[in-house]
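Heads up: the structure comes next, in structure tokens.
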Amino acid sequence: MATMKEKLAAFERDLRDAERQLSRRDPVLRPFIKQHGPCQISPHSNHFETLTGAIIAQQLSTKVAETIGRRVKDLYKPARAVRPEHILGTPNEVLRATGMSNGKVSFIKDLAARTTDGRLKLSRMPGMPDDEIIEMLTEVKGIGVWTAHMFLIFSLGRLDILPVGDLGIRKAIQTAFDLADLPNPEQIEAIALERRWRPYCSVASWYLWRSLA
């Protein structure tokens, strides 16, 4: 069995191959790849805290989400990561005091409960197919397909996820391909097929996000 260091090295090789393939296949992506350098997608194992953060960040600015997330982490110092038992053991009013809405408090409590009782098998997800992970995650209150897509890309390092519902991706594609309107999911899928982004849609998406900066 490969060590974590070997797995990460293999993942980095896959990223470099993805960059070369996409640059060769799609002249629209090529300048983004050249300008922004190596793709920075990096899988990790802190899945529960990632999902908690994703729920907190919904419909908030990056700055506000980061502030609330930092307050939540501060509740549990000196622990290095937020764990399900932390959330379940914290009164709702204490979580609300961090700036979370009542709805988000109930969402992260549901996430913690499902993780604790085994309905949400985070430790098994690295070996599960994408569609099964999406199905399992979207059973959690407050987690939809968009959050599941972000988790697959940035937590599990899945390289062929196309987040067709992401507003940033829609705006980037509209600009890059000089479209009159924001593309819908079907149009995005068609562009990905035509430009031969698969099996590296996550990497193509990363560069499209960077193109908005």
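No value in this document is a laboratory result; all are computed from the given coordinates. Because the structure is predicted, anything quoted here is derived from the model rather than measured. Don't worry about glycine lacking a Cβ; one is built from the backbone with ideal geometry, like all the others, and counts go over all protein chains shown.
With N residues in the stretch 83-191, what two-decimal value do you get for its Cα radius of gyration over 2.2 N^0.38 Å?
Working: Rg = 17.0 Å, N = 109, 2.2 N^0.38 = 13.1 Å.
The reported ratio for this selection is 1.30.
Could you work out [θ]222 nm for the chain from helices alone, using -39500 (n - 2.57) per DSSP H run of at least four and dividing by all its residues? Round to the nearest 500 deg cm²/dmol. Intermediate values should be presented prior to the final figure.
Values: 12 runs with 129 residues, N = 213.
Computed mean residue ellipticity for the chain: -18000 deg cm²/dmol.
With everything on Cα atoms, drop me the angle between helix 167-176 and the longest principal axis of the chain, reported from 0 to 90° to the nearest 10.
Compared with the principal axis, the helix lies near 10 degrees.
How big, in percent, is the set of alpha carbon pairs in the chain lying more than 29 Å apart? Display every interim value, and only then the final one.
Working: 7247 of 22578 pairs.
Result for the distance tail: 32 percent.
For the stretch 114-127, take each phi angle, set θ = phi - 60°, evaluate the Karplus expression 6.51 cos²θ - 1.76 cosθ + 1.60, and give the result in whole Hz per residue in order, putting x for glycine and proline.
Residue by residue, the stretch 114-127 yields 5, 5, 5, 8, x, 5, 10, 9, 4, 5, 8, 4, x, x Hz.
Where does the stretch 1-127 land on Rg(C-alpha)/(2.2 N^0.38 Å)? Please list the in-between numbers first.
On the way: Rg = 18.7 Å, N = 127, 2.2 N^0.38 = 13.9 Å.
So the Cα radius of gyration is 1.35 times the expected 2.2 N^0.38 Å.
Just name one of Leu162, Met128, Phe151: the one whose Cα is farthest towards the positive end of the charge dipole of the chain (beta-carbon charges, Lys/Arg +1, Asp/Glu -1).
It is Phe151, whose Cα lies furthest towards the positive end.
Do the alpha carbons of any pairs in Lys73/Lys109; Lys7/Lys104; Lys77/Lys121 sit beyond 27 Å of each other, and which pairs? Walk me through the intermediate numbers first.
On the way: Lys73/Lys109 15 Å; Lys7/Lys104 35 Å; Lys77/Lys121 25 Å.
Those over the limit are Lys7/Lys104.
Run the dipole for the stretch 111-213 about the Cα centre, Lys and Arg Cβ at +1, Asp and Glu Cβ at -1, nothing else charged, and hand back the magnitude in debye, nearest 20.
380 debye
What aspartates and glutamates could a cross-link reach from Lys141, if we take a straight Cα to Cα line under 13 Å and drop same-chain neighbours fewer than 8 places away?
Straight-distance partners of Lys141: Asp110.
Roughly how many debye, to the nearest 20, is the charge dipole of the stretch 47-154 about its Cα centre, given +1 on each Lys and Arg Cβ, -1 on each Asp and Glu Cβ, and no other charges? Mind showing how you got there, number by number?
Values: 15 positive and 12 negative charges, 99 e Å.
In debye, rounded to 20, the stretch 47-154 gives about 480.
Cross-link candidates for Lys63: which aspartates and glutamates have Cα within less than 17 Å, leaving aside residues fewer than 8 places away along the same chain?
Within the straight-line cut-off, Lys63 pairs with Asp74.
So what's the net charge close to Arg196: Lys and Arg +1, Asp and Glu -1, counting the other residues with Cβ under 11 Å from its Cβ? Numbers along the way, then the final one.
Numbers: positive: Arg24, Arg25, Arg195, Arg198; negative: Asp26, Glu194.
Neighbour charge sum, excluding Arg196 itself: +2.
Using a simple charge model, +1 on the beta-carbon of Lys and Arg, -1 on the beta-carbon of Asp and Glu, nothing else, what dipole does the chain show about its Cα centre, in debye to the nearest 20? Mind showing how you got there, number by number?
Values: 31 positive and 25 negative charges, 148 e Å.
Here the chain has a charge dipole of around 700 debye.
Quick one: which of 126-132, 37-43, 148-154, 54-60 comes out on top by average Cβ neighbours within 10 Å, and what's the full order, highest first? Don't jump to the answer; show the numbers that get you there.
Details: 126-132: 11.7, 37-43: 14.3, 148-154: 21.3, 54-60: 18.6.
The densest-packed peptide leads the list: 148-154, 54-60, 37-43, 126-132.
Using +1 at the C-beta of Lys and Arg and -1 at the C-beta of Asp and Glu, which of Pro38, Val28, Leu111 has the Cα lying farthest in the positive direction of the dipole of the chain?
Of the options given, the answer is Pro38.
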